[in-house]
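Asker: Sharing a structure below in structure tokens format, with a few things to ask.
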Amino acid sequence: MQSIEITRPDDWHVHLRDDPVLRDTVKDISRYFGRAIVMPNLATPVTNVEMASQYRRRILAHLADDSAFEPMMTLYLTDRTTTETVKQAGQSGLIRAFKFYPAGATTNADAGVQKMESIYPLFEEMTLQRIPLLIHGEVADPGVDVFDREAVFIDRHLDHLVKSFPELKIVFEHISTAGAVQFMQSSPANVAATIAVHHLLYNRNHLLADGMKSLYYCMPILKERADQQALIKAATSGSSKYFLGSDSAPHAQSAKEDCSGCAAGAYTAHAAIELYAEVFDEAGALDKLEGFASHFGASFYGLPRNSDTIQLEKRPWLVADRLSFGDQHLVPIRSGQEIRWSVTA
Ligand code: DOR
Ligand code: ZN
């Protein structure tokens with residue numbers, strides 16, 4: 001197949017950061033996505049409705065006048081989040097989800113939750129308010145090998161959480177292992193998972209085998225080829241449990257190439273739907289792209305599908321070496337190389 005028309009897709013997991021880089025990240029995310037779930041892990045985390053409302057306004061200020069793109073706001077859970085905040089979120093009409101980060105698990109997660117079980121009362125309130133819980137599913141325990149953090153999180157926390165809250169919508173974000181796919185296969189209908197395109201395109205050999213490449217350093221860290229293949233199989237299976245969440249996470253080139261500690265995150269918003277199309281095409285499953293990118297996420301969140309379409313063609317284009325990122329630059333995924341699919345209408 002050389003071209004495909006799909007319902008306009010949505011991105012159910014993206015990092016846009018804040019001014020002065022919103023100009024660049026908002027331009028990229030709003031190219032073809034109708035909506036995006038915007039992560040709340042700003043330098044000062046977005047922890048209440050008022051902060052989210054102000055953040056949303058800062059995002060909207062960078063949208064082109066004719067853009068129909070809709071940023072969907074989330075709140076960041078901390079040890080100090082109250083059930084009152086969850087109630088306010090539920091009544092606000094603005095907050096689409098709460099994001100759980102284990103304290104210290106990733107970028108700007110220091111204010112995250114120390115012990116998941118201690119905020120179970122918040123999950124009860126989220127169930128009542130019908131607000132989904134988005135999970136960064138990794139333990140931050142320094143005694144656990146970085147490649148095992150997702151598997152250990154499933155065993156120590158996720159399994160129990162899912163059994164305890166059969167009515168709560170839970171998204172296991174950016175799954176990165178065959179074990180997570182296996183967990184998802186036997187999970188009930190209130191549990192879904194997003195899959196990031198970098199976890200579909202790459203494995204840890206890309207990160208480590210041919211000169212260590214900071215471009216590919218992200219959390220959860222890239223795993224084995226067998227894990228990558230299990231994720232591709234899940235994403236292209238046609239199962240509505242899996243949907244698109246790019247986890248596009250920009251960092252300035254200087255932060256990615258800092259030898260004292262490389263920032264975790266891969267930037268894909270400049271080309272996300274094209275990269276997913278490449279993966280689905282390679283897997284011989286282009287016919288499954290529309291469900292994954294445009295239908296299943298909306299259904300899970302209880303939202304209508306977008307009403308217009310986009311057209312993709314197998315026509316290569318060259319990604320720039322660097323992209324503008326506020327007053328700095330970033331190096332995007334596929335920097336200086338071709339992407340085989342383009343959006344043509
Ligand atoms: O690699 C990552 N980068 N993983 C995350 O969970 C957070 C993200 C970021 O905000 O940079
Ligand atoms: Zn993320």
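The values are calculated or read from the model by the stated rules, or taken from the named source; none is laboratory data. The shown structure was predicted, so the numbers you read here are calculated from the model rather than taken from an experiment. Don't worry about glycine lacking a Cβ; one is built from the backbone with ideal geometry, like all the others, and counts go over all protein chains shown. For accessibility, only protein heavy atoms count, side chains too; no ligands or nucleic acids. Shrake-Rupley method; radii C 1.70, N 1.55, O 1.52, S 1.80 Å.
Asker: Read through the list (1) in contact with a Pro (Cβ under 7 Å, 6 or more places away or on another chain); (2) within 16 Å of ligand 2 (Cβ to nearest atom), then give the number of the only condition that Ile59 fails.
Answerer: All conditions pass for Ile59, except number (2).
Asker: Tally up the residues in the range 101-124 that are without any contact (Cβ under 8 Å) to a residue 60 or more places away in the chain and either under 18 Å from Met39 (Cβ atoms) or open to solvent by less than 20 Å² (accessible area, probe 1.4 Å) (or both), please.
Answerer: The number of residues fulfilling the criteria is 10.
Asker: Filter the range 131-154 down to residues that are open to solvent by less than 40 Å² (accessible area, probe 1.4 Å) and assigned to a loop (DSSP other than H, G, I, E, B), then give me how many there are.
Answerer: Number of matching residues: 8.
Asker: Here is a follow-up. Any residue that is aliphatic (A, V, I, L, M), surrounded by 23 or more Cβ atoms within 10 Å (Cβ to Cβ) and under 17 Å from Gly297 (Cβ atoms) - is there at least one of those in the range 179-190?
Answerer: No, because not a single residue in the range 179-190 is aliphatic (A, V, I, L, M), surrounded by 23 or more Cβ atoms within 10 Å (Cβ to Cβ) and under 17 Å from Gly297 (Cβ atoms).
Asker: Could you please find all residues in the range 232-286 being within 16 Å of ligand 2 (Cβ to nearest atom), open to solvent by 10 Å² or more (accessible area, probe 1.4 Å) and among the hydroxyl-bearing types (Ser, Thr, Tyr)?
Answerer: Matches in the range 232-286: Tyr267 only.
Asker: Which of the residues spanning the range 9-66 are of a type in the set (S, T, N, Q), open to solvent by less than 50 Å² (accessible area, probe 1.4 Å) and either within 16 Å of ligand 1 (Cβ to nearest atom) or under 17 Å from Phe98 (Cα atoms) (or both)?
Answerer: Answer for the range 9-66, where residues must be of a type in the set (S, T, N, Q), open to solvent by less than 50 Å² (accessible area, probe 1.4 Å) and either within 16 Å of ligand 1 (Cβ to nearest atom) or under 17 Å from Phe98 (Cα atoms) (or both): Thr25, Asn41, Thr47, Ser53.
Asker: Can you name every residue in the range 172-186 that is within 15 Å of ligand 2 (Cβ to nearest atom) and either at positive phi or β-branched (Val, Ile, Thr) (or both)?
Answerer: If the condition is that a residue be within 15 Å of ligand 2 (Cβ to nearest atom) and either at positive phi or β-branched (Val, Ile, Thr) (or both), then His174, Ile175 are the ones that fit.
Asker: Quick check: is even one residue across the range 116-130 under 21 Å from the mean Cα position of the chain (by Cα), in a loop (DSSP other than H, G, I, E, B), within 16 Å of ligand 1 (Cβ to nearest atom) and at pLDDT 95 or above?
Answerer: No, there is no match, as no residue in the range 116-130 is under 21 Å from the mean Cα position of the chain (by Cα), in a loop (DSSP other than H, G, I, E, B), within 16 Å of ligand 1 (Cβ to nearest atom) and at pLDDT 95 or above.
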